[in-house]
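Novice: The structure is given below, and queries will be raised subsequently.
The values are calculated or read from the model by the stated rules, or taken from the named source; none is laboratory data. If you're wondering where the values come from, they're calculated on a predicted model, not measured in any experiment. Heads up, the Cβs are rebuilt from the backbone with ideal geometry, glycines too, and the neighbour counts pull from every protein chain shown. The protein model used for the area step is the full one, side chains on, heavy atoms only, and it has no ligands, DNA or RNA in it. Shrake-Rupley method; radii C 1.70, N 1.55, O 1.52, S 1.80 Å.
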Amino acid sequence: MCGIVGYCGPKKAADVLLEGLKRLEYRGYDSAGICVNNMGNLRTIKRTGKIKDLRNIVPVTFEGHTGIGHTRWATHGEVTDENAHPHSDDSEKIVLVHNGIIENYQTIKNKLIVEGHTFKSDTDSEVIAHLIASLYTGNLESAVKETVFLLKGTYGLAVMHKDIPDKIVGVRNGSPLVVGIGDSEMFLASDVTAIMAHTKQVIYLEDKELVVITPDSYKTFDFNEQELQKKVENIGWDLDQIEKDGYDYFMEKEIYEQPESILRAFVGRIDREGATGHLGGLNMTPAELINIKRIQIVAAGTSYYAGMVGAYLIESIARIPASTELASEVRYKNPVVQPDTLYFVVSQSGETADTLYAMKELQRKGARVLGVCNVVGSTIPRKSDGGVYIHSGPEIAVASTKAFTSQITVFYVLTLILARMRHLSFEEGIRIVSALESVPDKLREIFKDTNSIHDIAKRYSKYENFLFLGRGLNYSVALEGALKLKEISYIHAEGYSSAEIKHGPIALINENTPSLFLVPDDNLRDKVINNIKEVKARKGKVIAIAVKGDDEVAKIVDDVIWIPSADPLTYPYLMVVPLQLFAFYSAIELKRDVDQPRNLAKSVTVE
Ligand code: F6R
């Protein structure tokens, strides 16, 4: 998704901008560009493709100490050099980069065309540059402020004027923007990773706030031009944490990091003495928690599947009716909000537009909405009524892996708290605590031998269609496994409850459509085995993920990925990790761009 970097200070702006854009690559993009102001001389360079290609065409003479840069992920207009940012007006005095979508850009554009403006791109963003130029009378921040009053939609903007070589105006409405405070240098960025090599002191802008930066100063204002005193915060993550740590791919590193990241999600949150947990961020008293009659979880993509695991745990163990809904559907269905329902929005990035808008809609109706997020200081944690950080550390690969296992961990702890407040005995509580504590070591056991998963992925990567089948707690894991395979290997895969295949999907089964069955040794094992036999009877190839020693499964399937025997409650962890590896090795075999799969963005900040 689009990214913004801005710089004002003593360094060569082009270098800072290109480095910042490189850090934003993980968000996904299709083109990039920078503009620097060299003593009143604006120079812009932009093109489709990767940052390294852009870097190759930036001349060494590209001087200037103030500048803005952008990675674009096309929304309005095709992927072309002209549509890449920065954009400028006719006189080429105003130059800007923009994240978000301007809904009324066509009306404004038509009016500006009548007034004599000519446009070089098809973007909604260029319209903003022309509008600012038409309202500019010598004060850049006033022109920007007057402009945003005319815009409908979402925007994070960084704007420069040719005649003001050491100033950038930033404005936020619905698209994140953060100010970085350095020593005689200032930064702007859509995401802290772009600037954290230079400073850890940041200010998060809220919607309808504007900032003016120069090398030595920053001033923040609301849209009524009232100056604001904003809190300076310290970024907790180190840049080292973002490096690949010796692995070839971020996704690989993030898969192998899970024993530690899962631990971080529950450490300090378990109370063995009370066989319960603590989640301070919920901001709820025990009396409030005991009155909850229903829980609804709202999210998108992988976070949605983690939410499904959460709802299953809450309903089956804490005995509170719980369900999961797609964020994109919640916003427009005029949802019914009841006072005794507690809502959770789950989002790794904390910036997913569908999830954010669903949260706002629920809050508008009076709901209490809590967040389960990874990126500290992102919009959802700041706007929710409380919540829990999953503490995964930065997830750079576009495909989410460690965030999923940390999100479900938070739901295990939440389930434990809610269940222990109700009927769950001390002994049953301790069973959940011990099960959770055993997960990191069980995963390390899986990591000791991943060759068989690699080998199976290699042999099966020639197939074009897959079914992923699981039941109960592992049904959502099957859906997540199918999503992972689709998004990084581009192999078509559908996830179903294995009981559902007889209601339709079994028609797809033949020797060219393998099925991947999740077979834990739980109460549904025998039923899953029956489903495997149905597939085998139709000449379908079957890979099973099964518990070590389950010879009956080994006899009826074509290939097995073994996982250690464990408390059935923890099988979602032990099943999902081999599925992540299966997708990863399949993608490697097919020479896909594992960390940045086509058409996908890490943080989906448009609807
Ligand atoms: C899948 C994936 C996406 C995200 C989804 C929600 O690997 O990365 O499906 O899970 O876009 O993103 P967050 O969790 O940031 O709200």
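Novice: The conditions are (1) in contact with a strand residue (DSSP E or B) (Cβ under 8 Å, 6 or more places away or on another chain); (2) away from the ligand (no atom under 16 Å from the Cβ); (3) open to solvent by 10 Å² or more (accessible area, probe 1.4 Å); (4) aliphatic (A, V, I, L, M), and Leu483 fails exactly one of them. Which is it?
Specialist: For Leu483, the failing item is (2).
Novice: Being assigned by TED's automatic domain parsing to the domain that holds Pro568 and farther than 20 Å from Ile408 by Cβ narrows it down to one of Val477, Val535, Val519, so name that one.
Specialist: Val535 is the lone residue from the list that is assigned by TED's automatic domain parsing to the domain that holds Pro568 and farther than 20 Å from Ile408 by Cβ.
Novice: Picking from Ile270, Ile290, which residue would you name as being open to solvent by 60 Å² or more (accessible area, probe 1.4 Å), away from the ligand (no atom under 16 Å from the Cβ), among the hydrophobic types (A, V, I, L, M, F, W, C) and more than 24 Å from the chain's Cα centre (by Cα)?
Specialist: So the residue among Ile270, Ile290 that is open to solvent by 60 Å² or more (accessible area, probe 1.4 Å), away from the ligand (no atom under 16 Å from the Cβ), among the hydrophobic types (A, V, I, L, M, F, W, C) and more than 24 Å from the chain's Cα centre (by Cα) is Ile290.
Novice: Being of a type in the set (A, V, I, L, M, F, W, C), crowded, with 21+ Cβ neighbours inside 10 Å and in a strand (DSSP E or B) narrows it down to one residue among Val171, Val144; which is it?
Specialist: Of the residues listed, the single one that is of a type in the set (A, V, I, L, M, F, W, C), crowded, with 21+ Cβ neighbours inside 10 Å and in a strand (DSSP E or B) is Val171.
Novice: Ser406 is checked against (1) hydroxyl-bearing (Ser, Thr, Tyr); (2) more than 16 Å from the ligand (Cβ to nearest atom); (3) buried (at least 24 other Cβ atoms within 10 Å of the Cβ) and fails just one. What number does that condition carry?
Specialist: Ser406 satisfies every listed condition except (2).
Novice: Only one of Val528, Val535, Val577 is within 16 Å of the ligand (Cβ to nearest atom), surrounded by 23 or more Cβ atoms within 10 Å (Cβ to Cβ) and in a helix (DSSP H, G or I); which?
Specialist: Answer to the selection: Val577.
Novice: For region 37-139, please list each of the strands (runs of 3 or more DSSP E) lying entirely inside it that holds at least 2 residues being in the same structural domain as Asp191 (by TED's automatic domain parsing) and more than 32 Å from the chain's Cα centre (by Cα).
Specialist: 41-48
Novice: When you look at Ala265, is it closer than 22 Å to Lys602 by Cα and within 14 Å of the ligand (Cβ to nearest atom), yes or no?
Specialist: no
Novice: Based on this model, can you work out whether Arg331 counts as surrounded by fewer than 20 Cβ atoms within 10 Å (Cβ to Cβ) and of a type in the set (Lys, Arg)?
Specialist: When the stated conditions are applied, Arg331 does not pass them.
Novice: Please enumerate the residues belonging to region 182-218 that are touching a helix residue (DSSP H, G or I) at 6+ places or on another chain (Cβ under 6 Å) and small (Gly, Ala, Ser).
Specialist: Result: Ala194, single match.
Novice: Then there's this: For region 550-574, what are the residues that are assigned to a helix (DSSP H, G or I), open to solvent by less than 10 Å² (accessible area, probe 1.4 Å) and in contact (Cβ under 8 Å) with a residue 60 or more places away in the chain?
Specialist: The answer is Thr570, Tyr571, Pro572, Tyr573, Leu574.
Novice: Next question, about the same structure. Looking at (1) in contact (Cβ under 8 Å) with a residue 60 or more places away in the chain; (2) in contact with an Asp or Glu (Cβ under 9 Å, 6 or more places away or on another chain), find the lone condition where Ile168 falls short.
Specialist: (2)
Novice: Right, another one. State which residue is nearest to Gly472 (Cα to Cα) when the search covers only region 487-496 and only residues that are open to solvent by less than 20 Å² (accessible area, probe 1.4 Å) and touching a strand residue (DSSP E or B) at 6+ places or on another chain (Cβ under 8 Å).
Specialist: Once the filter is applied, the top-ranked residue is Gly495.
Novice: Yes or no: His391 within 16 Å of the ligand (Cβ to nearest atom), more than 18 Å from Ile297 (Cβ to Cβ), surrounded by fewer than 22 Cβ atoms within 10 Å (Cβ to Cβ) and not small (Gly, Ala, Ser)?
Specialist: It is true that His391 is within 16 Å of the ligand (Cβ to nearest atom), more than 18 Å from Ile297 (Cβ to Cβ), surrounded by fewer than 22 Cβ atoms within 10 Å (Cβ to Cβ) and not small (Gly, Ala, Ser).
Novice: Condition first: closer than 30 Å to Pro10 by Cβ and assigned to a loop (DSSP other than H, G, I, E, B). Can you find one or more residues in region 217-225 that meet it?
Specialist: Yes, region 217-225 contains a residue that is closer than 30 Å to Pro10 by Cβ and assigned to a loop (DSSP other than H, G, I, E, B).
Novice: Out of Ser303, Ser347, report the one residue that is touching a Cys at 6+ places or on another chain (Cβ under 6 Å), at negative phi and open to solvent by less than 20 Å² (accessible area, probe 1.4 Å).
Specialist: On inspection, the qualifying residue turns out to be Ser347.
Novice: Sticking with this structure for a sec: Please work out if Ile417 is assigned to a helix (DSSP H, G or I), more than 16 Å from the ligand (Cβ to nearest atom) and open to solvent by 10 Å² or more (accessible area, probe 1.4 Å).
Specialist: When the stated conditions are applied, Ile417 passes them.
Novice: State whether one or more residues within region 236-253 are basic (Lys, Arg) and on the phi > 0 side of the Ramachandran plot.
Specialist: Scanning region 236-253 turns up no residue that is basic (Lys, Arg) and on the phi > 0 side of the Ramachandran plot.
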